[in-house]
Amino acid sequence: MTAFSEENRTSAGFYVTEEAPIQPANPIKTPEAPAPDILRCAYMDLVVTDLAASRHFYVDVLGLHVTEEDDEAIYLRSTEEFIHHNLVLRKGPVAAVAAFSYRVRSAEDLDKAVAFYEELGCRVERRPEGFTKGIGDSVRVEDPLGFPYEFFYAADHVERLSWRYDLQIPGELVRLDHFNQVTPDVPRAVRHYQDLGFRVTEDIQDKEGTVYAAWMRRKPTVHDTAATGGDGPRMHHIAFATHEKHNILAICDKLGALRMSDAIERGPGRHGVSNAFYLYLRDPDGHRVEIYTQDYYTGDPDNPVVTWDVHDNQRRDWWGNPVVPSWYTDASLVLDLDGNPQEVVARTDASEMAQTIGADGFSYTREGDEAKGYKLGNQV
Ligand SMILES: [Fe+2]
């Protein structure tokens, strides 16, 4: 089954289907135990090597709000958040992700999470007191793809700062929007996360059937997490939302004024995938942070799935601007439940970067116009 039939093609150049046409060659088994009911991506537990440098980046520059801090960790939240935090910066020897954390609908969903992952033979650890300050009963697992996933319901409530305009800056980060995970076998990851209750909203494929990336949601936006094809398990980025595009431009202006333009890796620009306005930054440890705004509602059960051709040079940037190679190659390590980095496994499927740049690759702006249909420069 392929999305690339003429009847699926839209006037904007991408393809739409009712269900994601992604079939893994090597699927993870589907547990008989029901999946926990995930509400949304809630926070990332992020290990950083220099807590003061990270505090400067996330608090002084990006303006995230400090809920609590000590010598070992800083607990940060975005403007609209009412639970304790969206990001934990934790001091440690190796810059890496300790947990991708999701909020579930009820306390009973934690029992479901335990049963779901135990049936898969995964390592599971439950702590009634939580793994971080401000969060109660929690389950952490090493998922079948090697990612440290966490589930919780109980959380301390804090003030939602939406009305506190006195605390807000021009580039205010208002919500945690999504995670992005690098994994070698995207169809295998998609099937597993579908078993966990996620729905695909968009993907990038080629006409030979290789899947390069997929976006998956629980909350009714384009995604809570995405699977990006590459050597993994690694973390590609964490994304915070602003209200509008001009907030992202204000962040760029501020970084320039602070002589920190080298923190800008890619953008600002308009994505093809997700239709969101974006900016990619790198924090002092190299962790990638996306600033993101204005994607679209996806909550209906028959929400159309969008598939992009990997050769369409408007898929990653709607204006056809080049993607810098580091965006494809660099990502953060993830930790096992003992705090040791997970081994990184090489992707063997085709690389998106290789498909779209260099002697063998090509990109098009207008399909069928491959010779000169893209911008000058290194288009990946
Ligand atoms: Fe993203």
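In whole Å, what are the Cα extents of the chain along the three principal axes, biggest one first?
In descending order, the Cα extents are 58, 55, 38 Å.
From the phi angles alone, apply the Karplus equation (6.51, -1.76, 1.60; θ = phi - 60°) to segment 212-222 and give each ³J(HN,Hα) in whole Hz, x where the residue is Gly or Pro.
9, 6, 8, 10, 9, 10, 10, 5, x, 10, 5
Hey, which of these cross-link pairs are over 32 Å Cα-Cα: K29/K91; K112/K133; K207/K254; K219/K245; K112/K245; K29/K219?
K29/K91; K207/K254; K112/K245, as the Cα separations exceed 32 Å there.
Normalized C-alpha radius of gyration of segment 8-88, against 2.2 N^0.38 Å?
This ratio for segment 8-88 stands at 1.73.
Can you sort K207, K133 so the residue with the fewest Cβ neighbours within 10 Å comes first?
Least crowded to most crowded, the residues run K207, K133.
Using the Kirkwood radius built from alpha carbon pairs, what does the Stokes-Einstein equation give as D for segment 38-156 at 25 °C and 0.890 mPa s, in µm² per second?
167 µm²/s
Mind sorting E6, E68, E119 by how few other Cβ atoms lie within 10 Å of their own Cβ, fewest first?
Ranking E6, E68, E119 by Cβ neighbours within 10 Å, fewest first, gives E6, E119, E68.
Would you mind ranking H65, H157, H243 so that the residue whose beta carbon has the fewest other beta carbons within 10 Å leads the list?
Ranked by crowding around the Cβ, least crowded first: H157, H243, H65.
Using modelled backbone amide H atoms (1.01 Å from N, in-plane), which distant-in-sequence or interchain residues come within less than 5 Å of A154's amide H?
G136, D137
None of the figures in this text is laboratory data; all of them are computed from the coordinates on show. Source: prediction; values computed, not measured. Please note: Cβ atoms are built from the backbone with ideal geometry, for glycine as well, and neighbour counts cover all protein chains shown.
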